[in-house]
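Data first, discussion second: the structure below is written as C-alpha cells.
What follows draws every value from the coordinates through simple rules; no lab data is involved. These figures come from a predicted structure and were not determined experimentally. Methodologically, a virtual Cβ is constructed for each residue, glycine included, from the backbone with ideal geometry; neighbour enumeration extends over all protein chains shown.
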Amino acid sequence: MLEISTQKDVMQAAGVIVLRPVRRCALLPRLSQANRQLSVSTGATTTDVPVVTPLPAKSSLKMRAWQLHCYGDIDELQFTDKLKLPQIRNSHECLVRVRATTVNPIDLAMLRGYGSTLLSMLRCRPGEDIEFPMTLGREFCGELVQKGMGVDNAELQLGTRVWGVVPVSQTSGAHADFVVVPASCLAPAPVELDDSEAASVLYAGLTAWSGLYLTGGLGGVCGATTTSGGGANKRVLVLGGSGGVGTLAIQILKSQGVQVLATCSEDAVEMVRCLGADHVVDYYNPVAMEELCNYAPYDIVLDCAGQGGQHAGDLKYDFRQYITFSSPLLANIDKQGLGLGALKNVSDLLQTNVKAAQRGGLVKWGYFYPAAHGIKFLQRLVERRKLMPLIDSTFEFGALPKAYERLKGGHLRGKTVVKL
C-alpha cells in the first residue's frame with residue numbers, strides 16, 4: 001500500500017545564510033550569491049521555488065529521463081519523455097519528484113562502464129541479467145510524493161522537501177523526473193540551502209565523511225557510528241581541496257576543530273583558504289609543496305585529487321594514514337573478473353602499503369557510503385552554518401549532456417547542477 005500526496009501548496013524558498021568558517025575573508029560571503037547567479041549560457045532558471053503538484057492520473061503516468069542503453073561516451077545518453085514512473089517495490093522505499101540533481105565523476109565513470117561487472121550483479125534481480133536501460137544520477141533535492149507503508153520516519157511526510165542519495169546498486173537514478181530510494185537515503189532538506197545547493201551536498205559530503213570517519217576512524221568508534229564527528233587537534237592534509245569532495249572535506253574538518261592543510265591549483269588557492277584551510281599550497285609549485293614537510297606527520301592524508309594509493313610512497317612527508325578515493329577495486333574486477341580481480345585488489349593494497357611503509361603509515365581505500373547518520377551529520381553542519389556547497393555551473397534538464405561535457409573538461413570549482 002502507498003500513501004499518495006495531493007498537496008498543491010507552494011514550497012517556501014528560504015534564504016541562504018552564508019557560511020563563515022574559522023578563517024574569514026571577503027570571498028566566502030560571495031559564495032552563496034555566486035551559487036545563485038546561474039549562467040545564462042547554461043539555460044538555467046532563476047528561481048528555486050517548487051510548486052507542489054499532485055501526481056498525474058494513472059493513465060498519464062509518464063516522466064522524462066536520460067537513459068543509457070549501452071556503455072560508451074556522452075553521446076550514448078538518450079532522452080525520453082515517455083518513461084513509466086519507477087515503482088515502489090519495498091515497504092521502506094519512497095518516491096521523490098526530483099527538482100534538482102547533479103553530475104558527479106562517478107556518473108561519468110559509470111557511463112563508460114566502470115564497475116559494471118560487480119554492480120550489475122547487485123542491480124539485477126534474481127533470475128534476471130538485464131542492467132539496461134540505466135538512469136544515472138546519484139543525488140537530488142525534491143519533493144516526497146509517495147512512500148511505502150513501512151516508512152515510519154515522522155520527518156518524512158508527504159509533500160516534504162527532501163534531499164537524498166541513490167545507492168550505486170540501483171539502475172534508476174536521479175537524472176529523471178522521479179526516483180525511488182530507500183527511506184534511509186532521504187531526509188528533510190535544510191531550509192538554509194536552495195534546491196540547487198541541497199542537491200550538491202550529499203554524494204560528495206558522504207564520500208568525504210565516510211573516508212574520514214569510517215575508513216580513517218578520525219572520531220573513533222563514536223565518529224563512525226553516530227553523528228558526533230570528532231577529530232579536534234588532529235592534522236589532516238587534503239589533496240585536491242578545490243573539487244566537490246575536497247571543498248566539503250575541508251569544511252567538515254574545520255567544523256570539528258581539525259588543523260587542515262590543502263593543495264590545489266594556483267587559481268583556486270584563495271577560494272580554498274576562504275573555506276577555512278589553515279595552509280594552502282599550489283601543487284604545481286615544488287617549493288610550496290616542500291613546505292608541507294614542515295607540518296608532518298599528518299594524521300590523515302586525504303586524496304581527493306585522484307592520485308591513487310601508489311602516490312603515497314612518493315610523498316616526502318610522514319603520515320599515519322593515506323586515504324584515497326581512487327582505488328582500483330572495481331576496475332580490477334572489471335578487467336579480471338570477480339575472483340582474479342579480488343586477488344589483484346589484495347595484491348595492489350599490499351604493494352602500496354609496502355611502498356608507503358617508509359613513511360610509517362597505512363594506505364587505505366575510501367568510498368561513498370549512504371549512511372543515515374552520515375546524512376544527519378551533514379544536515380547539522382548546514383544548520384549550524386558550517387557547511388556550504390560550491391556550485392561550478394548549472395544546466396537545464398534538457399541540456400544534461402552539456403553538464404557531462406563540463407565535468408569531462410575538468411578543473412571544476414564545485415558541483416555541476418542540473419535543474420528540472
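Can you give me the long-range amide H partners of F140? Hydrogens built in the peptide plane at 1.01 Å from N, cutoff under 5 Å, separation of 5 or more residues or another chain.
Here the answer is G164, since their amide H atoms fall under 5 Å of that of F140.
Please go through the range 295-337 and write out the trypsin sites (Lys or Arg not before Pro) that DSSP classes as loop and that have at most 14 other C-beta atoms within 10 Å.
On the way: sites: K316, R320, K335; in loops: K316, R320.
In loop regions of the range 295-337 (DSSP not H, G, I, E or B), the sparsely surrounded trypsin sites (Lys or Arg not before Pro) are K316.
Taking Rh as the Kirkwood radius computed over C-alpha pairs, what is the Stokes-Einstein D of the range 288-420 at 20 °C in a medium of viscosity 1.002 mPa s, expressed in µm² per second?
120 µm²/s
With 25 Å as the cut-off, how large is the P(r) tail for the range 204-365, expressed as percent of Cα-Cα pairs?
29 percent
Could you run the Karplus curve 6.51 cos²θ - 1.76 cosθ + 1.60 with θ = phi - 60° over the range 173-188 and give me ³J(HN,Hα) per residue in whole Hz, x for Gly and Pro?
My calculation for the range 173-188 gives x, 8, 7, 7, 5, 9, 9, 10, 9, x, 4, 5, 9, 10, 6, x Hz in order.
Quick one: what are the phi-derived ³J(HN,Hα) couplings along the range 329-335, Karplus 6.51/-1.76/1.60 with θ = phi - 60°, whole Hz, x for glycine and proline?
3, 6, 5, 5, 5, 4, 7
Given the convex hull of the Cα atoms of the range 129-266, what is a quarter of its surface area in nm²?
Directional mean of the projected Cα hull area for the range 129-266 stands at 10.9 nm².
When you count, for each residue, the other Cβ atoms within 10 Å and take the mean per peptide, how do 279-292, 378-391 rank with the highest first? Spell out each step's value before the answer.
Numbers: 279-292: 15.3, 378-391: 21.6.
Sorting 279-292, 378-391 by mean packing, highest first, produces 378-391, 279-292.
Among 209-218, 361-370, how do they line up by average Cβ neighbours within 10 Å per residue, starting with the highest?
Sorting 209-218, 361-370 by mean packing, highest first, produces 209-218, 361-370.
Output ³J(HN,Hα) for the range 359-366: one whole-Hz value per residue in order, computed from phi by the Karplus curve 6.51 cos²θ - 1.76 cosθ + 1.60 with θ = phi - 60°, and x for Gly and Pro.
Residue by residue, the range 359-366 yields 9, x, x, 9, 9, 10, 9, x Hz.
Cut-off is 10 Å between beta-carbons; in what order do C274, C304 appear when sorted fewest neighbours first?
Ranking C274, C304 by Cβ neighbours within 10 Å, fewest first, gives C274, C304.
Tell me, S242, S393, S120, S91 in order of fewest to most beta-carbon neighbours within 10 Å?
S91, S120, S393, S242
Which far-off residues, 5 or more places away or on another chain, put their amide H under 5 Å from the one on G173, with H placed in the peptide plane?
It is T135, L136, by chain and number.
Taking 0.36 nm per residue of sequence separation and subtracting the Cα-Cα distance, how much length would be gained by fully extending the chain between F79 and E290, in nm to one decimal? It would help to have the intermediate numbers written out before the result.
Working: separation 211, 0.36 × 211 = 75.96 nm, distance 4.91 nm.
Answer, rounded to one decimal: 71.0 nm.
Hey, fewest Cβ within 10 Å first, where do I106, I300 land in order?
Exposure proxy ranking, most exposed first: I106, I300.
Can you list residues whose amide H is under 5 Å from F178's amide H, if they're 5+ apart or on another chain and H is modeled 1.01 Å from N?
V98
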